[in-house]
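Take a look at the structure set out below.
The values are calculated or read from the model by the stated rules, or taken from the named source; none is laboratory data. Computed from a predicted structure; not experimentally measured. For neighbour counting, all protein chains shown are included, and Cβ atoms are generated from backbone atoms with ideal geometry for every residue, glycine included. These accessible areas exclude ligands, DNA and RNA; they are computed on the full protein's heavy atoms, side chains included. Shrake-Rupley method; radii C 1.70, N 1.55, O 1.52, S 1.80 Å.
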Amino acid sequence: MKTNKITNTIFRNFNKSFSTSTNNINKMKSSIPTPTKFDDKFGSVSKSYKNFRPTYSDELYSIIDSYCDSKRDLAIDIGCGSGQATVRLADYFNKVIGFEPSQGQIENAEKVDNVEYRLSAAEKIDLPSGSVDLITVAQAAHWFNLPVFYEESKRLLRDDGSLIIWSYGLMKITNNDDAQKIHEKHYYETIGNQYWAPERQYIDDEYVDIKPTYENTVRKTISLPKLMSINDMIGYYSSWSGYSAFIKAGNKDILPEIKDSFMNAFKTTDVDTKLIDVKFPVFMILSKKK
């Protein structure tokens, strides 16, 4: 499979199409601390995470496939969550191991014959040096102690092995302006910087401050389109770490009200038909150990 070339013009235009207003972005600005210990933000919502988080496109895996060389013995997926990316890597590598520090996520991970899951932090992986062909990190690098993780990734990778990191940003509802306003209000105002962890800023900034310490690094941005139902949207919101923090703070559950608002926006009582067109921007960082 061949990777489509993404020109700088497309890169700029694509990012603009997913940007929100300056005022909204400023609401989310905060300093980003370096984590010193694991804070399990998803164990309590692991079932929602598995059921409602987006799976990744064939285009993304084609990019990975084209970037890696022919040696495909072992890939590891660090911060694997419930295995959304891990199981697809099994189509390309003889063995895949997902490492995840949340017991709740591991318990709900999808099982595949050549995939194994281990409970582990990202910064210390129990594997021999130079034993790994590919390391992936999907929607998780912003939680890591990055300087420590980069050094550990270099220890693990063989020469010409690859580190591929990616994240999807805030999706945009493309077929209903009223629904998009509801969506933005929930993200920026209801949750906002009061309940989003500071690390979320890495995502809002399109991972520009995720900078692997590898000389051979390229970046790509692709689009991830999805068709979702109203119930899918509510389920997706329920998997947010910011929503979990909102509820833990003692706030009334806002999701039933948002569900009603979406029904009004789409003028329907059907919450199961997939009628919401959305697009996620996906920011990829591809590095090679030389």
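Evaluate E = 1/(1 + (r/R0)^6) for Asp69 and Thr174, where r is the Cβ-Cβ distance and R0 equals 35 Å; express this FRET efficiency to the nearest 0.05.
The computed FRET efficiency comes out at 0.40.
In Å², and per residue, what accessible area does the stretch 206-278 have when probed at 1.4 Å with the other protein chains present?
Normalised by residue count, the accessible surface of the stretch 206-278 is 49 Å².
Ignoring ligands, DNA and RNA, what percent of the accessible area of the stretch 49-180 is carbon or sulfur (1.4 Å)?
Carbon and sulfur: 46 percent of the exposed surface of the stretch 49-180.
Residue by residue through the stretch 144-151, which ³J(HN,Hα) values in whole Hz follow from phi under the Karplus form 6.51 cos²θ - 1.76 cosθ + 1.60 (θ = phi - 60°), with glycine and proline marked x?
Karplus values, whole Hz, x for Gly and Pro: 7, 7, 5, x, 5, 5, 4, 5.
Go through 208-221, 130-143, 75-88 and give me the packing order, highest mean Cβ count within 10 Å leading. List each step's numbers first, then the result.
Values: 208-221: 14.9, 130-143: 22.3, 75-88: 25.4.
Descending packing order for the listed peptides: 75-88, 130-143, 208-221.
Given a cut-off of 25 Å, name the pairs among Lys111/Lys274; Lys172/Lys267; Lys111/Lys290; Lys181/Lys259; Lys111/Lys185; Lys71/Lys226 whose C-alpha atoms lie farther apart than that in the structure shown.
Lys111/Lys274; Lys111/Lys290; Lys111/Lys185; Lys71/Lys226
Any chance you could tell me what percent of the C-alpha pair distances in the stretch 165-241 go past 15 Å?
Considering the stretch 165-241, 66 percent of its Cα-Cα pairs are separated by more than 15 Å.
Going by average Cβ density within 10 Å per residue, which order do the peptides 104-114, 90-100, 194-204 take, highest to lowest?
Sorting 104-114, 90-100, 194-204 by mean packing, highest first, produces 90-100, 194-204, 104-114.
Given all pairs of different Cα atoms, what value in angstroms does the Kirkwood hydrodynamic radius of the stretch 171-290 take?
16.1
Using 0.36 nm times the number of residues separating Val112 and Lys185, minus their current alpha carbon distance, what extension gain do you get? Working shown, then result.
Values: separation 73, 0.36 × 73 = 26.28 nm, distance 3.87 nm.
Stretched out fully, the Val112 to Lys185 stretch lengthens by 22.4 nm.
Please give the peptides 162-173, 227-238 ranked by average Cβ packing (other Cβ atoms within 10 Å per residue), highest first, as a rough proxy for protection.
Ranking, from highest mean packing down: 162-173, 227-238.
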